[in-house]
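Engineer: My questions all concern the structure below.
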Amino acid sequence: QVQLVESGGGLVQPGGSLRLACAASGSIFSIGAMGWSRQTPGIERELVAQITNAGTTHYADSVKGRFTISRDNAKNTVYLQMNSVKAEDTAVYYCYANIDLKPYWGQGTQVTVSS
């Protein structure tokens, strides 16, 4: 049973930083692209960042220059470093991964930006 487990969410002040992590576990042969999306009530889920297994990255315009996605293939883990966070970054963040040609999603972790 493959699963993705996120960690690192919480409360952070505007202008602060937060690091999310998502580890894949279970019977895994190969992992392709990994990434993060976010969901705010009443707003369509937004792709935040994606990284291929070759390390190519893609970011939403709203987070470019502030967020950095990375991965540790040895640990089957993807990270999202969030810097200079804003109130509008408040959302539930979901990681995803293409594992053995199938899409998997994490359970979500809440990030709240507030003073």
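The values are calculated or read from the model by the stated rules, or taken from the named source; none is laboratory data. The structure presented is a predicted model; accordingly, all values stated were derived computationally and were not measured. Positions of Cβ are backbone-derived with ideal geometry, glycine not excepted, and every protein chain shown enters the neighbour counts. With ligands, DNA and RNA removed, areas are computed over all heavy atoms of the protein, side chains included. Shrake-Rupley method; radii C 1.70, N 1.55, O 1.52, S 1.80 Å.
Engineer: Test D100 against the stated conditions and say whether it is under 27 Å from Q1 (Cα atoms) and open to solvent by less than 60 Å² (accessible area, probe 1.4 Å).
Structural biologist: yes
Listed here are the residues, each with its yes/no results for (1) in contact (Cβ under 8 Å) with a residue 60 or more places away in the chain; (2) assigned to a strand (DSSP E or B); (3) touching a Lys or Arg at 6+ places or on another chain (Cβ under 6 Å); (4) among the aliphatic types (A, V, I, L, M).
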site	(1), (2), (3), (4)
S70	no, yes, no, no
S84	yes, no, yes, no
C95	yes, yes, no, no
Q107	yes, no, no, no
S115	yes, no, no, no
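Engineer: Next question, about the same structure. For the range 2-45, enumerate the residues that are on the phi > 0 side of the Ramachandran plot and in a loop (DSSP other than H, G, I, E, B).
Structural biologist: G8, G15, G26, G42
Engineer: If you scan the range 1-25, which residues turn out to be aliphatic (A, V, I, L, M) and surrounded by fewer than 14 Cβ atoms within 10 Å (Cβ to Cβ)?
Structural biologist: The one that is aliphatic (A, V, I, L, M) and surrounded by fewer than 14 Cβ atoms within 10 Å (Cβ to Cβ): L11.
Engineer: Output the residues belonging to the range 26-45 that are surrounded by fewer than 13 Cβ atoms within 10 Å (Cβ to Cβ) and out of contact with any Ser or Thr (no Cβ under 6 Å at 6 or more places or on another chain).
Structural biologist: The answer is G26, S27, F29, S30, P41, G42, I43, E44.
Engineer: Also: Quick one: which of V63, V48 is assigned to a strand (DSSP E or B), among the β-branched types (V, I, T) and crowded, with 18+ Cβ neighbours inside 10 Å?
Structural biologist: Answer to the check: V48.
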